[in-house]
1. Which condition number in (1) open to solvent by 70 Å² or more (accessible area, probe 1.4 Å); (2) farther than 22 Å from Asp67 by Cβ is the one that His228 fails?
2. Is there a residue being touching a Leu at 6+ places or on another chain (Cβ under 7 Å), surrounded by 12 or more Cβ atoms within 10 Å (Cβ to Cβ), more than 30 Å from Lys55 (Cα to Cα) and modelled with pLDDT of 95 or more anywhere in the stretch 158-171?
3. Inside the stretch 121-239, counting only helices (runs of 4 or more DSSP H) that do not spill past its ends, which hold 1 or more residues that are within 28 Å of Gln107 (Cα to Cα) and of a type in the set (Ser, Thr, Tyr)?
4. Mind telling me which of the residues Gly72, Gly34, Gly51 ends up being open to solvent by less than 20 Å² (accessible area, probe 1.4 Å), over 19 Å from Glu232 (Cβ atoms) and at pLDDT below 95?
5. Inside the stretch 1-48, can you point out the residues that are free of Cβ contacts under 8 Å to residues at least 24 places away in the same chain and assigned to a strand (DSSP E or B)?
6. Inside the stretch 49-80, can you point out the residues that are under 14 Å from Leu35 (Cα atoms), among the hydrophobic types (A, V, I, L, M, F, W, C) and part of a loop (DSSP other than H, G, I, E, B)?
7. Checking the structure you have, find out if any residue of the stretch 139-153 is surrounded by 13 or more Cβ atoms within 10 Å (Cβ to Cβ) and among the acidic types (Asp, Glu).
8. Scanning the stretch 86-120 for residues that are within 12 Å of the chain's Cα centre (by Cα) and in a loop (DSSP other than H, G, I, E, B), which turns out farthest from Thr213 (Cα to Cα)?
Amino acid sequence: MRIHIIACRVLNRELSYYASQSPHIVDITWLPQGLHDVPSRLRESVSAAIGGLYKQRESRELKHFPDVIALGYGLCSNGVVGIEARDVPLVVPRTDDCIALFLGSQQRYLELFHTYGGTFWLNNGWVETAFIPTQELLEQKRREYAESYGEDNADFLMEQDMLWAKNYRHIGYISSPVYAAAAHRDTARKAAAYNGWSYEEFQGDSRLLRKLTTGKWDDQEFLICPPHHRIEAAYDGAKLKAVPCEAP
């Protein structure tokens with residue numbers, strides 16, 4: 001079986017490893033971290049990546065078309081809602097977002113969400129691809145604002161940029177069974193100390209990412225969206241459902 005995965009770059013280390021170990025042929029298209037901040041951008045980017053595969057097939061650049069297209073995303077602020085399966089199925093984990101993928105299950109994510117409310121989650125992928133609120137990076141950002149907009153405006157822009165931080169009380173660092181980096185853990189600790197948050201560490205579990213590459217997609221944890229259907233949000237705990245494209 002040929003599986004083509006379209007995924008957020010935060011999954012790079014884990015997903016690349018399991019793809020290399022898969023009994024199937026797995027190709028990956030990487031998309032930038034942060035698209036979920038504007039769900040419509042995520043939807044457009046994933047749809048464009050799917051469309052790109054079909055254009056490559058039409059132009060005969062792609063010698064072997066995938067049997068399945070899988071998404072390395074969860075619901076992601078409804079960013080995957082509306083994405084359509086054309087003539088091959090789409091497979092999507094039934095999770096809120098990538099944090100559940102790094103923790104191993106949606107259930108574990110929800111348990112920790114309730115126990116550690118106000119947690120800013122980090123792992124190796126987030127440290128490598130996202131903006132992390134350490135003193136060093138925040139001071140660098142302020143310097144850039146000052147150079148572009150002046151000192152007074154820089155203070156105002158930084159204040160606006162950091163309004164989100166008031167919602168957090170902890171940093172939760174998820175270790176990886178695939179790749180451990182002491183420097184990344186140190187970055188998470190520094191961010192916690194600088195922002196006055198507690199630091200918590202959790203053992204990561206890549207079972208869902210491994211299943212994404214091996215084709216073991218049970219209905220409880222993955223939506224298999226059939227051809228000529230689109231992904232929609234489900235509000236019954238399943239997170240995702242498939243509806244015919246012609247349906248309103």
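The values are calculated or read from the model by the stated rules, or taken from the named source; none is laboratory data. All values derive from a computational prediction rather than experimental measurement. Counting neighbours? That spans all protein chains shown, and the Cβs are built from the backbone with ideal geometry, glycine included. Heavy atoms of the whole protein, side chains included, go into the accessibility calculation; ligands, DNA and RNA do not. Shrake-Rupley method; radii C 1.70, N 1.55, O 1.52, S 1.80 Å.
1. Going through (1) open to solvent by 70 Å² or more (accessible area, probe 1.4 Å); (2) farther than 22 Å from Asp67 by Cβ one by one, His228 breaks only (2).
2. yes
3. Numbers: elements: 124-129, 135-149, 151-161, 182-195, 207-214.
The qualifying helices (runs of 4 or more DSSP H) are 124-129, 182-195, 207-214.
4. Sole residue among the options that is open to solvent by less than 20 Å² (accessible area, probe 1.4 Å), over 19 Å from Glu232 (Cβ atoms) and at pLDDT below 95: Gly34.
5. Listed by number, the list holds a single entry, Trp30.
6. Leu75, Cys76, Val80
7. No: zero hits.
8. Asp96
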